[in-house]
Amino acid sequence: MENWNFWYPLMSDYNFRIGGFYPAASIADFNQDTDVDIEDLLTLAENWLRTNCGPCQWCELKDMDCSGSVDIADFAILSSHWLD
């Protein structure tokens, strides 16, 4: 039996499906519905040009390139995952 004393749940720990394969979530899949679509684009748009992101993964993970702001580089990342 494994020792579960040091297990800390992360969002990635729930990324499975019993009896099947569950694809890895995309960095641009903000609503975690397994595809990057218009809903994710709208979420990025809501945070567009925010500059108070601070360290990487602030701005609720919308600053995907960790530049400190939500900008065209983040849009480029989202577009590279479009309809994944």
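The numbers here are math on the coordinates, done by the rules we state, and not lab data. For clarity, every value in this text was computed on a predicted model and none was experimentally measured. No Cβ is skipped: glycine too gets one built from the backbone with ideal geometry, and neighbour counts run over all protein chains shown.
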Potential extension, L41-E60 segment - 0.36 nm per residue separation minus Cα distance:
5.4 nm
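With charges only on Cβ, +1 for K and R and -1 for D and E, what is the dipole size of the range 27-80 about its Cα centre, in debye, rounded to 20?
Values: 2 positive and 12 negative charges, 61 e Å.
It works out to roughly 300 debye.
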Count charges around S26 for me, please; just the other residues with Cβ under 9 Å from its Cβ, Lys/Arg as +1, Asp/Glu as -1.
-4
Using r as the Cβ-Cβ distance of A76 and N31, and R0 as 22 Å, what FRET efficiency do you calculate, to the nearest 0.05?
0.65
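What does the charge count around D65 come to, taking other residues whose C-beta lies under 9 Å from its C-beta (Lys +1, Arg +1, Asp -1, Glu -1)?
Overall, the nearby charge balance is -3.
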